[in-house]
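Have a look at the structure below, then the notes.
Computed from the coordinates by the stated procedures, all read-outs in this text should not be read as laboratory data. Owing to the predicted nature of the structure, the values given are computational and were not obtained by experimental measurement. Backbone-built Cβ (ideal geometry, glycine too); neighbour counts: all protein chains shown.
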Amino acid sequence: MTVKKLGLRQRYAHMTRGLDWETTYQPMDSVFPYDSFEGIKVKDWSAWEDPFRLTMDTYWKFQAEKERKLYAVLDSFAQNNGQTGVSDGRYINALKLFLTGISPGEYQAHRGFAFAGRHLRGAGPRVAAQMQSLDELRHLQTQVHTISQYNKFFDGLSEFPHMHDRVWYLSVPKSFFDDARSAGPFEYMIAIGFSFEYVLTNLLFVPFMSGAAYNGDMSTVTFGFSAQSDESRHMTLGIEVIKFLLEQHPDNLPIVQKWLDKWFWRGHRLLGLVAMMMDYMLPKKVMSWKEAWEIYFTEAGGSLFQDLARYGLRPPKYADVATQEAEHISHQNWAVFYQYTHAAGFHTWMPDKEHLDWLSAKYPNTFDKYYRPRWEMWAEQEKQGKRFYNNALPQLCQTCQIPMAYTEPGDPTVICFRSTQFQSETYHFCSDGCKDIFDDEPEKYVQAWMPVQQIFQGNCGGATIPDVLAWYNLNNGADNLDYVGSPDEKIWNEWHAENARKAV
Amino acid sequence: MPVTAIVSDYENYTETRDAQKNFHGNIVIYVHWEEHLSFCSALAFPLPPAMPFGALVSEVIAPHYAAHPDAAKIDWSTVIWRIDGEKKTPDFGASLEANGLHHKSLIRFWTPFLAGYAGSAS
C-alpha cells in the first residue's frame with residue numbers, strides 16, 4: 001500500500017489551522033483575555049499569512065540537524081584549544097558583553113513569545129510565535145554552550161544570570177525586555193517581533209558575528225550561522241505582524257505608530273552597547289558603527305518605511321536624532337565604561353594610536369574635535385600614574401536607565417538634560433525620545449528599578465563599591481578594571497609566549 | 001496618559017520606587033560640571049537636606065571632580081550656577097533645602113575660563 005503524502009500547503013493547513021477550534025464551554029474572550037485590551041481591532045484572523053508554512057514536526061527536524069552541526073564544530077573548537085587562536089585576549093570582552101547583555105535577552109524573548117503564542121487568538125500567529133519562542137530558548141542555550149569554552153579560561157563570564165538581575169548597566173537590556181514583556185501581546189509583537197527583530201536586528205547580529213569572523217572566533221561564527229535561518233523566519237514574522245495589524249483596521253494605525261516610535265527609540269538606546277563594541281572592543285575592526293548605521297538603518301530602513309508608507313505608517317519619530325547620534329554614541333559609551341571600569345564586568349582599555357587614527361578616519365567630522373582630546377587627556381594621566389576614575393555614581397535616565405552621557409542634538413559639548421514632573425516627583429531623561437515614552441505611561445516607569453537609586457536606598461549589599469560588587473557576584477580585581485594587568489591578559493600572554501618558544 | 005492595561009485600576013498596583021521616603025532622610029542631588037565631559041554624566045549623591053550648600057561644594061563636589069586637571073583652578077566665587085534650570089546665586093551658609101533644592105534636583109555649574117582639556121569641553 002502506498003502512503004499518500006500531503007503537499008506543503010495542505011500539511012500546514014491541517015497541522016496549524018486545522019488544530020484550532022472555536023471554544024464553546026467558555027467564551028473565546030475568556031480564553032483569550034489579553035488580545036483585546038490594547039485597542040487593536042482584528043476582523044479576520046484567518047487573513048494571517050505565513051510564508052514559511054512551517055509545521056512543528058518539520059521544525060524539529062530542521063533544528064535537530066542544525067544542532068548536530070553546531071555541536072560538532074564546538075567539540076572540535078574545544079579539542080583544538082580554539083580560544084588561543086583569536087585575534088587578541090581583548091576580544092573575549094566582546095563575548096562577555098554578549099553573554100551578559102544579549103543572551104539573557106534571548107531568554108526574555110523566549111518567555112515573551114511563549115506568552116504571545118498562548119494569547120493571540122489566531123492559530124497562524126500563535127504557531128509562529130511558539131516556534132520563535134523555542135528558537136529563542138535554543139539561542140540562549142547554544143550561546144551559553146558556545147561561550148562556555150571561554151569561561152574555562154577567562155573571567156567575567158561565569159555569573160551572567162545573577163549579574164543580569166543586578167549589575168547597573170545590565171539593567172539597560174533587562175528593563176528593555178521587562179518593558180516589552182509587561183505590555184500586551186500586540187505591543188510585544190511590535191516591540192520585539194517588528195522593531196527589534198526586523199528593523200534593528202542586523203545592527204545586532206552582523207556586528208557580533210562578523211566581529212567573531214574577523215577575530216578568529218569560529219565557534220561564535222558557527223553559532224551565528226546556526227541562528228541565521230531562525231532569524232530570517234523571525235524577520236518574516238515581524239513584517240507579517242505589522243502588515244496584518246495595519247490591514248485589519250484603520251484604527252490600528254495610530255496605536256502601531258506609537259509602539260513603533262517607542263520601540264525604535266528604546267532599541268536605538270540599547271544598541272549603543274553594540275556601537276561601543278564595534279568601535280572600541282574588536283581588536284580587528286569590521287566597520288564603524290556609523291557605517292553600519294548607514295547601511296542597516298538609513299538605507300535598509302529607508303526602503304522598508306517607503307514600502308510601509310502605503311499603510312499610512314511613517315518612519316519612527318526621532319530617527320533623524322538617532323542618525324545624528326551615530327557619530328557620537330560609541331565614543332560616549334566607551335568613555336562611560338572607561339571611567340567606571342572598577343564597576344564593569346569586563347575589561348576596558350585605552351585605545352592606542354593606531355586605533356585613535358582609525359577612529360579619526362571613520363569619524364572625520366567629530367572625533368578629532370570632541371573625543372580624541374578626551375582620550376589624550378586620559379592617556380596622559382595614565383602615563384603619570386593617575387589613571388582617571390569616576391568615583392561618584394552617575395545620574396541615570398528614568399526610561400533607558402543608561403547614565404545620562406548623551407549630548408544635545410547639534411551640540412556634542414553639552415549634556416542633553418530633560419525632565420518631567422509626575423505626582424510632584426521629578427524624573428530625568430537623556431533625550432526627548434526617552435521623555436516621550438515616560439510621559440505616555442508614567443505609572444509604568446515610576447516603578448523602574450534604577451541601579452543607582454537602589455544602591456542609595458541600601459538594597460544592593462552596602463554603601464561601598466566593594467560591597468556592591470560582592471552583591472553583583474563580580475570578582476573584584478579579576479572581572480573588572482583594565483585589561484592591562486588583568487588575569488585575562490596574563491593567561492593570554494602565557495599562551496603566546498609558549499607559542500613563540502615552540503616556533504623557535 | 002494612563003497606562004493601557006488589562007485592569008482598570010493599574011495605578012493601585014504600582015509604587016513610586018524612588019520616593020524621598022525611601023532614602024533614609026536623604027534627598028538625591030545631581031551635580032554636573034559643564035564643559036568637562038570627561039565626567040561622562042551628572043553625578044548623583046544622597047545628601048541630608050540640612051547640609052549647608054558650602055559643605056556640598058567643599059566636601060562633595062570638589063573632591064569628586066578633583067581628578068580633572070582644571071579642578072585645582074576653580075575659583076568658586078566666580079562659578080555660575082543653575083538649579084533645576086534657573087540661574088541662582090546659592091547662599092553657601094544656608095542649607096540645601098533653604099537654597100531651594102529638593103529630591104532629585106539638578107545643579108549645573110559653569111567655571112568661567114575653564115572649558116575642559118585643551119578647551120575641548122572634555
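Does A:T420 fit the bill of being facing chain B (nearest Cβ under 10 Å) and either farther than 20 Å from A:F264 by Cα or more than 19 Å from the chain's Cα centre (by Cα) (or both)? No: the conditions fail for A:T420. Could you tell me which residue of the range A:360-377 is surrounded by the most Cβ atoms within 10 Å (Cβ to Cβ), considering only residues that are in contact with a helix residue (DSSP H, G or I) (Cβ under 7 Å, 6 or more places away or on another chain) and at the interface with chain B (Cβ under 7 Å from one of its Cβ atoms)? Among those that are in contact with a helix residue (DSSP H, G or I) (Cβ under 7 Å, 6 or more places away or on another chain) and at the interface with chain B (Cβ under 7 Å from one of its Cβ atoms), it is A:R374. Which residues, taken from the range A:75-91, are surrounded by 17 or more Cβ atoms within 10 Å (Cβ to Cβ) and outside any helix (DSSP H, G or I)? Scanning the range A:75-91 gives a single hit, A:V86.
When you look at A:F62, is it touching a residue at least 60 places away in the same chain (Cβ under 8 Å), part of a helix (DSSP H, G or I), crowded, with 19+ Cβ neighbours inside 10 Å and over 24 Å from the mean Cα position of the chain (by Cα), yes or no?
In short, no.
For A:S219, the stated conditions do not hold, so it cannot be described as closer than 30 Å to A:S76 by Cα and either free of Cβ contacts under 8 Å to residues at least 24 places away in the same chain or out of contact with any Leu (no Cβ under 8 Å at 6 or more places or on another chain) (or both).
Can you go through A:D307, A:D261 and tell me which one is surrounded by fewer than 23 Cβ atoms within 10 Å (Cβ to Cβ), of a type outside the set (F, W, Y) and within 17 Å of A:E197 (Cα to Cα)? Please lay out each step first, then the result.
Working: A:D307 fails: within 17 Å of A:E197 (Cα to Cα).
From the options A:D307, A:D261, the qualifying one is A:D261.
No other residue among A:A94, A:A13, A:A72 is under 30 Å from A:M350 (Cα atoms) and assigned to a helix (DSSP H, G or I) apart from A:A94. Only a single criterion out of (1) of a type in the set (G, A, S); (2) facing chain A (nearest Cβ under 8 Å); (3) closer than 30 Å to A:Y338 by Cβ is not satisfied by B:A5, namely (3). Scanning the range A:426-442 for residues that are without any contact (Cβ under 8 Å) to a residue 24 or more places away in the chain and either out of contact with any strand residue (DSSP E or B) (no Cβ under 8 Å at 6 or more places or on another chain) or farther than 23 Å from A:P409 by Cα (or both) returns A:E441, A:P442.
What residue, of A:F225, A:F176, is surrounded by fewer than 20 Cβ atoms within 10 Å (Cβ to Cβ), farther than 16 Å from A:I239 by Cβ and not charged (D, E, K, R)? Step through it out loud before you land on a result.
On the way: A:F176 fails: surrounded by fewer than 20 Cβ atoms within 10 Å (Cβ to Cβ).
The unique qualifying residue is A:F225.
Looking at the structure I just gave you, is A:Q332 over 24 Å from A:L97 (Cβ atoms) and not in a strand (DSSP E or B)? Spelling it out, it is not the case that A:Q332 is over 24 Å from A:L97 (Cβ atoms) and not in a strand (DSSP E or B).
Of the residues making up the range A:338-360, those that are assigned to a helix (DSSP H, G or I) and touching a Ser or Thr at 6+ places or on another chain (Cβ under 9 Å) number 5. Screening A:Y445 against (1) over 23 Å from A:R181 (Cα atoms); (2) buried (at least 16 other Cβ atoms within 10 Å of the Cβ); (3) at the interface with chain B (Cβ under 10 Å from one of its Cβ atoms); (4) in contact (Cβ under 8 Å) with a residue 12 or more places away in the chain leaves a single unmet condition, (1). The residues listed here are A:K284, A:K290; of these, the one that is touching a Phe, Trp or Tyr at 6+ places or on another chain (Cβ under 8 Å), within 30 Å of A:N390 (Cα to Cα), surrounded by fewer than 18 Cβ atoms within 10 Å (Cβ to Cβ) and not polar (S, T, N, Q) is A:K284.
Restricted to the range B:80-99, and to residues there that are free of Cβ contacts under 8 Å to residues at least 40 places away in the same chain, loosely packed, with under 14 Cβ neighbours inside 10 Å and of a type outside the set (V, I, T), the residue that is farthest from the other protein chains (Cβ to nearest Cβ) is B:D91.
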